[in-house]
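The values are calculated or read from the model by the stated rules, or taken from the named source; none is laboratory data. Not measured: the values here are computed from a predicted model. A quick note on method: Cβ atoms are made from the backbone with ideal geometry, for glycine too, and the neighbour counts reach across all protein chains shown. These accessible areas exclude ligands, DNA and RNA; they are computed on the full protein's heavy atoms, side chains included. Shrake-Rupley method; radii C 1.70, N 1.55, O 1.52, S 1.80 Å.
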Amino acid sequence: MSVPIALLGLLEREPSHGYELKRDYDAYFGRGKALPFGQVYATLGRLARDGKVLPGEVEPGAGPDRKRYAITPIGKSEVETWLDTPIEPEPHLQTVLFEKVVLALMLGRSAEHYLDIQRGTHLQRMRELTELKRSGTAIDALLADHGLFHLEADLRWIDLTAARLDSLTAMVRS
Amino acid sequence: MSASQAADDAGQPAPILEAHDAQLSFGVTPALRGANLALVRGEILAVMGPSGSGKSTLLYCLAGILTPDTGEILFDGQRVDTMGEQERSRLRRDHFGFVFQFGQLVPELTAEENVALPLLLGGASRSRALDAARAWFEPLSLDGLERRRSGELSGGQAQRVALARGLVSRPEVLFADEPTGSLDSLTGEQVMELLVSATRRQGTTVVLVTHEARVAAYADREVVVRDGKANSLSAGRVRS
Ligand SMILES: Nc1ncnc2c1ncn2[C@@H]1O[C@H](COP(=O)(O)OP(=O)(O)OP(=O)(O)O)[C@@H](O)[C@H]1O
Ligand SMILES: [Mg+2]
């Protein structure tokens, strides 16, 4: 998940100051790596230039953090597109899926819907690999099996997450 | 106008098996709360979903074993849910084949007698039924086990015998409920490979209940049952 998408997603909840965005980014998406303030403001500046966020009035006080940013319709549709586009099925996509689930829950959207889209995309890839295994050489089968087992692991995570959405929702939105 | 006719008029192949808003409760437990799906001839459909979501109940309804409380089940355009019990058992015997999770072989009979059973019940002579049954043993790597009592087979062997029994009458539709449920990965794959190659060769339509993605990947598409609801048009479909 790119930093701009993460910030747009967080802004879709409600207009926020840079420090609030940084705090929530670090909590949910940072995975132990804090986002430097400089990058927050640089990103917000670019998003504003591209019409995806709108800076509010300058508020009284000191420091760079005196503006509240709000998402625009263009920004919203970028978040929507990101959520709605299934990820290329390959091993190690768990973190992106994790981010999608967390963001969807935060925004009160159907995380189940995104998991369903991903399940369908994964199964489609597994069908292709199964076909390759059935029609190809023993070496093809060996490679296909490696992919199949990894995709299966993703799918198990997807199913388990889908089954836990209620408790996850309660946690993320508290 | 029935749904199959409608599909005909639209120039698509008519479905061989359909469920329209099928609902079924066991006492106060709702097991199916609206199942909608259609299979065309020769298609392999994987039915997936969490434990207790209603997969087996859906399969039993499609196969005319259970009757939904409301909704319609159609085979080849004919209502199955309104048929009498006799007509339904004839339908199952003449057009359907079954494979269940735990083989469900008759332990006192030999493996070949178990496989021959659907043919014998259909009125075939004993020698013809056994001949047809034996033809399945080699392709399923079961040669030499024809005369073994089925109670003396390993789980994987029994499962393959059950598959042969499900396919021996060359059914139009094969209903398979967790056919690899008790097998290790390798044996499970052998069973799926045989199931797919045999049904493709025979043009058999397959309803395959499984919770395993690697098994479902042998199917043409999947439908996910959740809380007794299924919709083959939208559930989990990949947009291309
Ligand atoms: N004969 C029965 N009597 C009462 N309740 C039943 C009966 N058969 C199924 N149920 C209930 O109906 C619901 C659906 O059961 P079903 O067997 O269709 O689930 P399933 O998806 O096949 O699950 P599994 O993956 O565990 O086999 C469950 O709540 C189950 O307890
Ligand atoms: Mg079941």
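Assorted remarks:
- Computed on the range B:20-110, with alpha-carbon pairs under 8 angstrom and 6+ residues apart, the relative contact order is 24 percent.
- Fully extending the segment from B:ARG79 to B:ASP184 would add 33.9 nm, taking 0.36 nm per residue of separation and subtracting the current Cα-Cα distance.
- Taking trypsin sites (Lys or Arg not before Pro) as exposed when DSSP calls them loop and at most 10 other C-beta atoms lie within 10 angstrom, chain B has its longest site-free stretch at B:1-146.
- Distance between the 7 Å Cα→Cβ label points at A:GLU88 and A:HIS146: 1.7 nm.
- Sequence-separation-based contact order of the range A:3-84, relative, with Cα cut under 8 Å and 6+ spacing, percent: 37 percent
- Pairwise burial B:A, computed as accessible area of each alone minus the pair, summed, 1.4 Å, Å²: 1700 Å²
- With 10 Å bins from 0: P(r) over the range A:1-90, alpha-carbon pairs, percent: 17, 50, 28, 5, 1
- A:ALA153/A:ARG13 FRET efficiency (R0 35 Å; Cβ-Cβ; nearest 0.05): 0.65
- For A:LYS22, the lysines whose Cα comes closer than 29 Å to its Cα, not counting residues fewer than 8 places off in the same chain, are A:LYS33, A:LYS52, A:LYS67, A:LYS76, A:LYS100.
- For the protein assembly as shown, the Kirkwood estimate of the hydrodynamic radius, built from every pair of different alpha carbons, is 24.3 Å.
- Chain A: angle of helix A:3-13 to the longest principal axis, Cα-based, in degrees nearest 10: 70 degrees
- Each of B:MET48, A:MET171 has its accessible area taken with a 1.4 Å probe; listed largest first, they run A:MET171, B:MET48.
- Heavy-atom surface analysis with a 1.4 Å probe gives the range B:20-79 a carbon and sulfur content of 50 percent of its accessible area.
- The range B:107-169 and the range B:215-233: distance between their alpha carbon centers, rounded to Å: 30 Å
- Seen against the Cα atoms of chain B and their longest principal axis, helix B:111-121 is set at about 50 degrees.
- Per residue, the solvent-accessible area of the protein assembly as shown (1.4 Å probe, heavy atoms of protein chains only, all protein chains present) comes to 47 Å².
- B:THR70 long-range amide H proximity, modeled H, under 5 Å: B:GLN23
- With contacts taken as Cα pairs under 8 Å at a separation of at least 6 residues, chain B carries a relative contact order of 28 percent.
- A run of chain A free of exposed loop cleavage sites, with trypsin sites (Lys or Arg not before Pro) counted only in DSSP states other than H, G, I, E and B and at most 10 other beta carbons within 10 Å, reaches its longest extent at A:34-174.
- Computed from backbone phi with θ = phi - 60° and the Karplus coefficients 6.51, -1.76 and 1.60, the 3J(HN,Hα) list for the range B:148-155 is 5, 5, 5, x, 10, 9, 6, x Hz; x is used for glycine and proline.
- Translational diffusion coefficient (Stokes-Einstein; Kirkwood radius from C-alpha pairs) of the range A:96-172 at 25 °C, 0.890 mPa s, in µm²/s: 180 µm²/s
- Cα-projected label distance for B:ASP69 with A:SER110, points at 7 Å along beta-carbon direction, nm: 2.4 nm
- Solvent-accessible area lost in complex, 50 Å² minimum, residues of the range A:143-167 relative to chain alone, 1.4 Å: A:GLU152
- Isotropic mean projected area of the C-alpha convex hull, chain B (nm²): 13.7 nm²
- Overall Cα dimensions of chain A - principal axes, largest extent first, Å: 70, 32, 30
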